[in-house]
Amino acid sequence: MTADYRVVVAGCGAMANEWISYALNHAGIEIVALVDIRRESAVAMAAKHGLTCPVYTEVSQAIADTGASVVFDVTVPASHYSVARTALEAGCHVFAEKPLAETMAECNEIVELARRTGLSHAVMQNRRYDPRIRSLRQLIESGTIGRIGYVGASFFLAPHFGGFRDQMDSPLLLDMAIHTFDQARFISGADPVSVYCQEFNPPGSWYQGNAAAVCIFEMSDGSVFCYQGSWCAEGAPTSWEASWRVQGERGAAIWDGREMPYAEVLPADLPTGQFLHDYVRVEGPEVQMEKTFHQGCLDEMFRSLAEGRPAETDGRDNRYSMAMVLGALESARTGRKLSIAEFMQNATLV
């Protein structure tokens, strides 16, 4: 029986295990090739998962030989543009790890190429597929706190990765902030309009580059999103999901990134003359999800193909989350407030 989707897996590092495990648990998906610039990595990955498919060092050859219809791009960020271009031009849909690409111009090119070919390019934003963040979003969408004016996210952790992150110029913004920025768009339903960012490297940091940042975004719904974060913050760590406060006209929604969210709102019958009001607590609704995080996002990607629509994390949407990251970096570099629309429009490949 022929599989619905013939998949080439590009990149055989540790993260590929998650993608391969998903595919092996779905009858309509067949892994037809593994690709890695280090052939021995692809061979080892095949052996680990009991795969008998061929291994390659070039994506283009793997697609040509196998008649693949989908490419899983689990390569390093610097390769995302070239893998996407090769796969899309060869007629394959692309499901990729974050980030969409390393530059705004490359992000624009991938989105345009997907549009021109009529193929799907979707990005792994696994933190959208969490029942708790879906609950927070429902609290806001239902009007529980009224129209929102402020979204705040605090992200303070101290992971001692070692390796390439310790040498990056902007490890927090480049490697991690995409998750929180995409979460902010998902929670609010708004897109970025402008950004002002200051990066810095705090005392005690073991990173060579700037491991902390404060960003202020104006959003398309008129609200302000404020991000404060550090990857060298020893003591009192936040969740990896960040700690959130969404302030509305009738109250605030709170999520610590660990437990379920809740809101505190003004009562329906508001007493007059009070200096400080009492508030009514509203628990976030329970959200049932069959698959979460990577598995949930991959489910959505394949479901979008079957239904003939863009995935929730389609590159056309994800481009705005990437613009928040890359725009913040540009703002920090120039020391100026940046128009996101102008930044996106003016980015072209050299």
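The values are calculated or read from the model by the stated rules, or taken from the named source; none is laboratory data. Just so it is clear, the model here is predicted, and its values are computed rather than measured. Ideal geometry is used to build each Cβ from the backbone, glycine not excepted, and the neighbour counts take in all protein chains shown. We work out accessible area using only protein heavy atoms, side chains counted, and drop any ligands, DNA or RNA first. Shrake-Rupley method; radii C 1.70, N 1.55, O 1.52, S 1.80 Å.
Relative to the longest principal axis of the chain, what angle (0 to 90°, nearest 10) does the C-alpha long axis of helix 177-188 take?
On a 0 to 90 degree scale, this one is about 60.
Ordering 194, 69 from largest to smallest accessible area (1.4 angstrom probe), what's the sequence? Don't skip to the answer; put the middle values down first.
Working: 194 10, 69 35 Å².
Greatest to least solvent exposure: 69, 194.
Where Lys and Arg each count +1 and Asp and Glu each count -1, what net charge lies around residue 193 among other residues with Cβ under 10 Å from its Cβ? Write down the numbers at each step before the final one.
On the way: positive: none; negative: 191, 218, 221.
Overall, the nearby charge balance is -3.
Among 167, 274, 208, whose mean-square fluctuation peaks in a Gaussian network model of the chain (Cα, cutoff 10 Å)?
Evaluated over the chain, the most mobile residue of the options is 274.
What lysines sit close enough to residue 291 to cross-link, taking a C-alpha to C-alpha distance under 30 Å and skipping anything fewer than 8 places away on the same chain?
Within the straight-line limit of under 30 Å, residue 291 reaches these lysines: 48, 98.
Using a Gaussian network model of the chain with C-alpha springs under 10 Å, which one of 253, 16, 236 is most mobile by mean-square fluctuation?
Of 253, 16, 236, the Gaussian network model singles out 236 as fluctuating most.
Rounded to the nearest percent, how much of the accessible area of the chain (1.4 Å probe, protein heavy atoms only) is carbon and sulfur?
On the way: 7940 of 15870 Å².
Answer for the chain: carbon and sulfur cover 50 percent of the accessible area.
For the stretch 260-350, what does the alpha-carbon gyration tensor say about shape, rounded, prolate or oblate, given a ≥ b ≥ c as the root eigenvalues, a/c under 1.5 as rounded, and a/b over b/c as prolate?
Numbers: a/c = 3.34, a/b = 1.33, b/c = 2.51.
Cα axes put the stretch 260-350 in the oblate bin.
Return one number: the angle in degrees, 0 to 90 and rounded to the nearest 10, between the long axis of the Cα atoms of helix 104-117 and the longest principal axis of the Cα atoms of the chain.
Taking Cα atoms only, the helix is inclined about 60 degrees.
Starting from the exponent 0.38 and prefactor 2.2 Å, build the expected Rg for the chain from its residue count and divide its actual Cα Rg by it. The partial results should precede the final answer.
Numbers: Rg = 21.5 Å, N = 350, 2.2 N^0.38 = 20.4 Å.
Scaled against compact globular proteins, the figure is 1.05.
Can you give the accessible area of residue 107 in Å² (nearest 10), computed on protein heavy atoms with a 1.4 Å probe?
0
Label-point separation (nm) for residue 278 and residue 17, each offset 7 Å from Cα along Cα-to-Cβ?
My value for the distance between the label points is 5.3 nm.
So if each residue of separation counts as 0.36 nm, and I subtract the Cα-Cα distance between residue 293 and residue 141, what length gain in nm does that give?
Extra length from residue 293 to residue 141 when fully extended: 52.6 nm.
What shape does the stretch 123-234 have by the C-alpha gyration tensor, where a ≥ b ≥ c are the square roots of the eigenvalues, rounded means a/c under 1.5, and otherwise prolate means a/b greater than b/c and oblate the rest?
Details: a/c = 2.44, a/b = 1.82, b/c = 1.34.
Taking the square roots of the gyration eigenvalues as a ≥ b ≥ c, the stretch 123-234 is prolate.
Per DSSP H run of at least 4 residues, take -39500 (n - 2.57); add these up for the chain, divide by its residues and hand me the 222 nm value, nearest 500 deg cm²/dmol.
Values: 11 runs with 122 residues, N = 350.
Taking each H run of at least 4 residues, the total per residue is -10500 deg cm²/dmol.
Enter the accessible area per residue of the chain (Å², integer; probe 1.4 Å; all protein chains in place). Write down the numbers at each step before the final one.
Details: 15870 Å² over 350 residues.
For the chain, the per-residue accessible area is 45 Å².
Connecting C-alpha atoms closer than 10 Å in a GNM of the chain, tell me which of 161, 95, 200 has the biggest fluctuation.
161
Between the helical axis of 315-334 and the dominant principal axis of the chain, each derived from Cα atoms, what acute angle in degrees is found, rounded to the nearest 10?
70
So for the chain: antiparallel DSSP bridges make up what percent, rounded to the nearest 5? Each step should come with its number before you reach the end.
On the way: 36 of 62 bridges.
Counting DSSP beta bridges with both partners in the chain, the antiparallel share is about 60 percent.
First check a/c for the stretch 52-208, with a ≥ b ≥ c the square roots of the eigenvalues of its C-alpha gyration tensor; if it is under 1.5, answer rounded, and if not, answer prolate when a/b is larger than b/c or oblate otherwise. Please report the intermediate quantities before stating the final value.
Numbers: a/c = 2.17, a/b = 1.39, b/c = 1.56.
In terms of gyration-tensor shape, oblate.
Would you mind computing, in nm to one decimal, how far apart the modelled labels at residue 89 and residue 221 are, each placed 7 Å from Cα along Cα→Cβ?
4.1
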